[in-house]
Amino acid sequence: MTTIAVLISGNGSNLQAIIGAVEAGNLPGVEIAVVVSNRKDAFGIKRTIKHGIPLIYFPLLPYTRAGRPRSDYDADLATILCGFQASWVVLAGWMHVLSSAFLGHFPSRVVNLHPALAGTFPGTHAIERAYRAYQRGEIDHTGVMVHLVPNEAVDAGPVVAQIEVPINPQDCLDDLEARIHRTEHNLLVNALRRLLVDNQSGR
Ligand code: GRF
């Protein structure tokens, strides 16, 4: 069994894609050991509970209020995941940048999803920024990327998989967001299959 932790901050539609793939047998040998949310109101919490997956709510605020450094939060988060025997970590819409205090526990085993192509639109609101860039004539397509997280660089690291996503002249932002999300649900599951299933069985 390969046990993964999934870290979320919001809707959790990518978490749902992983849950669906695990339950359908499309990620054989993969088990979600725990889901962590840093936000109490994240809809992904409801998805987690519905599927009977262990859930940890782990906010940063108590650390900030106590004047504790970010590395304390990151180190404690890593300890929690190790307690669930997680061997891989999937950042599925997790809105914190993780430091070496966390990453050092999971070298080359943290996977992030970015709703744009490698090297483009790092950080928040990537889809909207790509849409605006399209409107200005700067790009004619965008994409989705899954990558490993070796360090604190935002939305950067060795690419596991990426795919282009077209932008159409008649698209509104909602259209593009929906197309990106559909694409990333598939890409994330395919990337996890490659990393966690194919690689593990020596294929
Ligand atoms: C996704 O677009 C992901 O690429 C980005 O945050 C969003 C999370 O969506 N990093 P969800 O919470 O999985 O629905």
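The values are calculated or read from the model by the stated rules, or taken from the named source; none is laboratory data. Computed from a predicted model, the values in this text were never measured in an experiment. Using ideal geometry, Cβ is built from the backbone for each residue, glycine included, and neighbour counts are taken over all protein chains shown. Protein only, heavy atoms only, side chains kept; ligands, DNA and RNA dropped before computing areas. Shrake-Rupley method; radii C 1.70, N 1.55, O 1.52, S 1.80 Å.
Points to keep in mind about this one:
- Value in Å of the Kirkwood radius, where region 110-203 supplies the Cα pairs that are averaged: 13.8
- Degrees separating the helix 173-192 axis from the principal Cα axis of the chain, which is the longest one: 50
- The modelled label-to-label distance between Asn11 and Glu164, using points 7 Å beyond Cα along the C-beta direction, is 2.5 nm.
- Database remark: amide H of Ala161 closer than 5 angstrom to the amide H of Val146 (H placed geometrically; neighbours at sequence offset of 5 or more, or on other chains; Pro and chain starts carry no H).
- When Tyr134, Tyr57, Tyr73, Tyr63 are compared by accessible surface with a 1.4 Å probe, the order from highest to lowest is Tyr57, Tyr134, Tyr63, Tyr73.
- Length added when fully stretched, Ala66-Asn151, from 0.36 nm per residue minus Cα-Cα: 28.0 nm
- Cα-projected label distance for Asp76 with Ile49, points at 7 Å along beta-carbon direction, nm: 2.3
- Between the helical axis of 126-135 and the longest alpha-carbon principal axis of the chain there is an angle of about 10 degrees.
- Taken as Cα centroids, region 1-67 and region 159-175 sit 26 Å apart, rounded to the nearest whole angstrom.
- C-alpha long axis of helix 70-83 to longest principal axis of the chain, angle in °: 70
- Qualifying trypsin sites (Lys or Arg not before Pro) in region 9-53, where qualification requires a DSSP coil assignment and no more than 14 other C-beta atoms within 10 Å, comprise Lys40.
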